[in-house]
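This report refers to the structure that appears directly beneath it.
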Amino acid sequence: MNEMDTGNDAVVASRMTPQRLLVESKRTSGWGGMLYIVPAFIILILFEVWPLLFGAWISLWKWNIGPIEFIGLQNYKTMFGKGFITRDFKGDLVVGEVLNSLIVTVNYVIIAVPTSIAIGFVIAYLLFRGSRGEGILRTMYFLPYITASVAVTMVFAWMFDSHVGVVNALLETIGISPQKWLLEPTPALKLLFGLSWLPDWAAGPSQALVVIIIYSVWASTGFNVVIYLSGLSGISKEVLEAAKLDGAGEWKVMTTIIWPLISPTTFFLLITSTIAAFQVFSPVFALTRKSGTGAASAGAPLDTTLTITVFIYRHFYERSNAVGYAAAVSMLLFGILLVLTMIQFRIGSRRVHYQ
Amino acid sequence: MSAEQIRVSVPEAPSKFKLPKLTTVLLVLGACVVVFPFVWMILGSFKTMQESSSYPPQVFPSQLHWENYKNAWLAPPNTLGKYFINTIIVAFTGTIGQLMVCSLAAYAFAQLKFRGKDILFALVLGTMMIPGEITLIPNFMTIRHFPLMGGNDILGSGGTGLYDTYAAQIIPGMVGAFNIFLLRQSFMQIPKDFWEAAQIDGSNSFRYLWEVVIPMSKPIMITVFLLGLVGRWNALLWPLIVTRDETLRPVQLAMIWYQGEFSADQGVVMAASLLVTIPIVILFLFMQRHFIEGIVGSGLKG
């Protein structure tokens, strides 16, 4: 962006005649232009910059409705201490609540994001190759992304209901016994393969989390399709034709030409989707709340869908004595996302540009 | 037709020409899976309580039970209409406000010159790196302790501040650095000669923005407007946190209410879901091109 800006200015400068300089000078006259950015800056500073600093401040306090006591790094000590590893009632070492949320979130991210991107690529590639009714198909694939909301989540809750859900009915027709889905805290891999020697925390997402992943993939694939289509349309047709004339088959063209050329798009999607997925809240809240008891149950069953944002929500909003602690967990999330953003900037600035 | 032409030009690979058909079949199958939840929602919205809770599920309702829609509309304390009014107020005010505030800033960054412009623009872009979920708790505090509002004193204590107001739902998300960036990109395309011509006609910079820059940037304005509107229509977390009063809450929170009250009667829940989703679907179908352009634009953000 910055190169573009200076480039533009340089072009303007090189064309400058004396009259133009006179006109330009009126717009260069100091502070006038700043008036235009004042409204935007007031809101940005009040609701974007200030909360970052204030959040860091809150995380150093024991805080419920207001500040109680300044406790320095105590919240962080608790977070990385018994929040990570703690002892259960029998005295055995178990995963703490913060580490549990991190594991849940990472399970969610590393499955939902690549799946959604892979499916998005396949669909975009097929659409790119051309098909009848391409326009309508593209609209249908894109619709979930635009409509994704609590309202649409409701139908998933019903489809995956353990008693009356249509998904269980469909599975039964191919001989698979009904599943508990959103009520099932057991890791999906254990349900499939046994693996009783594996501790639950290392066995991947619970079946309940799998339902949320299915919803998220459904809701986000359309975005990836659109971005990939725009990337694919930038690949020169001559290159593809030349490869075909040289006798390269469909698969070869796809793997050796299209996939490498489109890799900047893949990288972009991977990072931005990961950043967004780390903050997942709505589907977890809407799909898991009712399966437990009352409003505090989002993240059920047995906290196996308790992603970091839902964890923060729970501690901040439903246990108002833990606001400082929730703020500390927010800072941990911010740290993770900051690292991801840095990676994006580092590698992103080196990547090839696509139109 | 085109397949025939290619067959002539590349005769050595006949297997390719069955593929377009296979492509279509695969795409249609995929689309069926994608659209299925919507179909199931529509079918469900016409089912009685018995039909929606039968197992194995009854695919088609025995008759179209339109009363589900009536029940869904009338069930909440102030009808679903009240939630709709709330969402419309919040979404339209927020999005129009966003367009105005962002256009002013984008115009300054694109066309005007002032001290510190580059640093200030970098600062705007920098705020894109702050994830919304991080600002949740402090922003709640800011709303709750907003001075001189909702019974608060000048130090922000004593009352509830902007908690449970439209303003709390509208103002915090009103800017969006990315929108400033998108609008600026578009405003920069306008040749500087236009500004000179306008000045000879006696225009000032604000009139120039209003009469020339904005009308010339209509497509991007529409895109920013639509994406802002849909984002606000579908929002959950922020309104959930800054409101408690059901008469001020938006439609997505109505869905949470239905989930609690009608967990046994999926017909009514599906009817409500459909009513809440339909406006966005219609908007999308008519304005699809603008949506796609906006999304592709967001792909250039990195």
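Just so it is clear, none of the values below were taken in a lab; they were calculated from the coordinates. Please read these numbers as outputs of a predicted model, since none were measured by experiment. Because the Cβ atoms are built from the backbone with ideal geometry, glycine has one as well, and the counts that use them run over all protein chains shown.
What the table shows:
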read-out	value
The stretch A:187-262: C-alpha gyration tensor shape, a/c 1.5 cut-off, then a/b vs b/c	prolate
Under Karplus coefficients 6.51, -1.76 and 1.60, residue-wise ³J(HN,Hα) of the stretch A:274-287 in Hz, glycine/proline x	5, 4, 5, 5, 4, 9, 4, 9, 3, x, 5, 4, 6, 8
Gyration tensor verdict on chain B (Cα atoms; rounded if a/c is under 1.5, prolate if a/b is larger than b/c, oblate otherwise)	oblate
Long-range amide H partners of A:TRP61 with built H, under 5 Å	A:ILE71
Set of the stretch B:128-149 residues, backbone N closer than 17 Å to the point 7 Å along the Cα-Cβ line of B:ALA167	B:139-149
Packing-based exposure ordering (other Cβ within 10 Å, fewest first) of A:MET154, B:MET287	B:MET287, A:MET154
Most mobile of A:LYS77, A:LYS180, A:LYS237 in a GNM of chain A (Cα contacts under 10 Å)	A:LYS237
Descending semi-axes in Å of the stretch A:93-350, equivalent ellipsoid built from Cα gyration tensor	36, 24, 17
Violating pairs (Cα-Cα greater than 32 angstrom) within the set B:LYS113/B:LYS218; A:LYS82/A:LYS190; A:LYS90/A:LYS180; B:LYS117/B:LYS218; A:LYS237/B:LYS21; A:LYS190/B:LYS47	A:LYS190/B:LYS47
Backbone HN-Hα couplings from phi across the stretch B:91-105 [Karplus 6.51/-1.76/1.60, Hz, Gly and Pro as x]	5, 6, 4, x, 6, 5, x, 4, 4, 5, 4, 6, 5, 4, 5
Neighbour-count ranking [beta-carbon atoms within 10 angstrom, fewest first] of A:LEU232, B:LEU74, A:LEU209	B:LEU74, A:LEU232, A:LEU209
Most mobile listed residue (A:GLY96, A:GLY133, A:GLY55) in chain A, GNM with C-alpha springs under 10 Å	A:GLY133
Chain B: most fluctuating residue of B:PRO61, B:PRO219, B:PRO77 per GNM, C-alpha cutoff 10 Å	B:PRO77
The stretch A:60-120: C-alpha gyration tensor shape, a/c 1.5 cut-off, then a/b vs b/c	oblate
Other-chain or far-sequence residues with amide H under 5 Å of A:SER206's (modelled H)	A:ALA188
Segment A:ILE65-A:PHE80, length gained on full extension (0.36 nm per residue, minus Cα span)	3.0 nm
Within 10 Å of each Cβ in B:192-198, the average number of Cβ atoms from other chains	3
Shielding of B:99-105 by partner chains, average beta-carbon count, 10 Å	4
In nm, spacing of pseudo-spin labels at A:ASP88 and B:LEU155 (7 Å Cα→C-beta vector)	4.8 nm
Loop-resident sites, the stretch B:49-105, for chymotrypsin sites (Phe, Trp or Tyr not before Pro), counting at most 14 other Cβ within 10 Å (DSSP)	B:TRP66
Rounded FRET efficiency, nearest 0.05, which uses the C-beta distance separating A:ILE176 from A:TRP197 and R0 of 25 Å	0.55
Residue exposure sequence - A:ARG129, B:ARG144, B:ARG249, B:ARG244 - by fewest surrounding Cβ within 10 Å	B:ARG244, A:ARG129, B:ARG144, B:ARG249
